[in-house]
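Taking it in order: structure first as structure tokens, then the write-up.
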Amino acid sequence: MTLSVGSPVAGRVVSLTEVPDPVFAQAMVGPGIAVEPDRVAADVVSPVDGTIVTLHPHAFVVATEGGAGVLVHLGIDTVKRKGEGFTLHVVKGETVRAGQAIVSWDPAEVEAAGFSPICPVVALDAPADSLGDLSEGATVAVGDQLFSWQR
Amino acid sequence: MADEKAEKILAALGGASNIIDIEPCITRLRCELEDGSVVDEKALKALGAHGVMRQGNVVQVIVGPEADTIASDIEDLL
């Protein structure tokens with residue numbers, strides 16, 4: 001089956017290799033894509049239907065019923081913000097729908113604090129060739145498809 | 001099982017006495033160590049680490065999404 005992975009944020013889609021962090025840029029935890037978010041305060045939404053299996057203020061993982069894990073990371077090194085500027089709307093273990101608000105943040109504020117607000121969206125442990133329809137270079141609204149994941 | 005993995009990772013990081021701080025971040029363990037040079041990268045990779053990044057005494061072990069669980073298992077051992 002093919003899983004459609006939607007954008008958690010509005011912005012410009014870029015290659016994962018443009019992320020200033022080797023773990024993401026070298027796809028160490030899986031292939032994916034990144035979104036350079038619009039610099040306005042916004043809700044970050046779930047990219048797929050599933051369960052919140054990992055939840056931090058600055059990052060989360062949603063696992064689908066079929067066991068596909070999608071990681072959304074809000075900015076780079078933003079763990080150092082210790083949750084400041086991030087407002088969570090769900091709890092770990094909660095069932096969520098694609099498009100449901102997970103956390104609110106302000107990419108402009110993150111950037112002003114000296115962090116890159118770029119958002120890697122990663123298909124955890126997926127073979128690189130299982131991703132298709134990568135929307136690199138596109139401008140996306142929240143929920144627009146970023147890529148499809150053949151499973 | 002999980003505890004055993006944590007124990008082995010801890011050993012590869014130079015043991016409890018070498019740990020100043022361990023912080024999980026979704027896919028990685030950020031480890032602040034007394035001495036970063038003693039880290040056994042091979043052992044960590046054998047334990048399933050996707051990669052190891054060193055910056056002096058700060059060593060990041062890329063373990064994937066179980067990072068939170070592993071970090072808390074290691075904390076229990078300290």
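The values are calculated or read from the model by the stated rules, or taken from the named source; none is laboratory data. Every value quoted in this text rests on a predicted model; they were computed, and no experiment measured them. Cβ sites come from the backbone with ideal geometry, for glycine too, and all protein chains shown count toward neighbours.
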TODO: For the range A:43-151, please list each of the strands (runs of 3 or more DSSP E) lying entirely inside it that holds at least 3 residues being within 14 Å of another protein chain (Cβ to nearest Cβ) and modelled with pLDDT under 95.
DONE: A:50-56
Task: Options B:Ala16, B:Ala46; residue that is touching a residue at least 60 places away in the same chain (Cβ under 8 Å) and small (Gly, Ala, Ser) - done: B:Ala16
- [ ] Among the candidates B:Glu23, B:Glu41, B:Glu7, single out the residue that is under 18 Å from A:Val29 (Cβ atoms) and away from chain A (no Cβ under 13 Å).
- [x] B:Glu41
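Filter the range A:122-144 for residues that are of a type in the set (S, T, N, Q) and buried (at least 16 other Cβ atoms within 10 Å of the Cβ); which is nearest to A:Met28 (Cα to Cα)?
Across the range A:122-144, the extreme among qualifying residues is A:Ser130.
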Open item on the list: Please go through the range A:37-91 and give me each residue that is among the small types (Gly, Ala, Ser) and within 15 Å of the chain's Cα centre (by Cα), ordered by number.
Closed with: A:Ala42, A:Ser46, A:Gly50, A:Ala59, A:Ala63, A:Ala68, A:Gly69, A:Gly75
TODO: Run down A:Val23, A:Val96 and say which single residue is within 15 Å of the chain's Cα centre (by Cα) and within 24 Å of B:Gln60 (Cα to Cα).
DONE: A:Val23
Open item on the list: Looking at A:Ile76 and the list (1) touching a strand residue (DSSP E or B) at 6+ places or on another chain (Cβ under 6 Å); (2) surrounded by 17 or more Cβ atoms within 10 Å (Cβ to Cβ), which single condition is not satisfied?
Closed with: (1)
Task: Which numbered condition A:Gly6 misses (of (1) closer than 22 Å to B:Gly48 by Cβ; (2) in contact (Cβ under 8 Å) with a residue 24 or more places away in the chain) - done: (1)
TODO: Residues being within 14 Å of chain A (Cβ to nearest Cβ) and in a loop (DSSP other than H, G, I, E, B): count how many of those fall in the range B:26-38.
DONE: 2
Task: the range A:88-110 residues that are touching a residue at least 24 places away in the same chain (Cβ under 8 Å) and surrounded by fewer than 16 Cβ atoms within 10 Å (Cβ to Cβ), paired with ones that are in a strand (DSSP E or B) and among the polar types (S, T, N, Q) (beta carbon under 6 Å, 6 or more apart) - done: A:Thr95/A:Thr51; A:Ser104/A:Thr87
Task: Restricting the range B:53-75 to residues that are surrounded by fewer than 19 Cβ atoms within 10 Å (Cβ to Cβ) and assigned to a strand (DSSP E or B), the residue that is nearest to the other protein chains (Cβ to nearest Cβ) - done: B:Met53
TODO: Select from the range A:44-58 the residues that are surrounded by 22 or more Cβ atoms within 10 Å (Cβ to Cβ) and of a type outside the set (Val, Ile, Thr) and write down the one among them that is farthest from A:Ser116 (Cα to Cα).
DONE: A:Gly50
- [ ] For the range B:39-52, name all the residues that are surrounded by fewer than 19 Cβ atoms within 10 Å (Cβ to Cβ), touching a helix residue (DSSP H, G or I) at 6+ places or on another chain (Cβ under 9 Å) and part of a helix (DSSP H, G or I).
- [x] B:Glu41, B:Lys42, B:Ala43, B:Ala46
Open item on the list: So in the range A:1-31, with the set limited to residues that are over 23 Å from A:Gly85 (Cβ atoms) and small (Gly, Ala, Ser), which one is surrounded by the most Cβ atoms within 10 Å (Cβ to Cβ)?
Closed with: A:Gly30
Task: Exclusive hit being of a type outside the set (Phe, Trp, Tyr) and surrounded by fewer than 24 Cβ atoms within 10 Å (Cβ to Cβ), set A:Ala63, A:Ala34 - done: A:Ala63
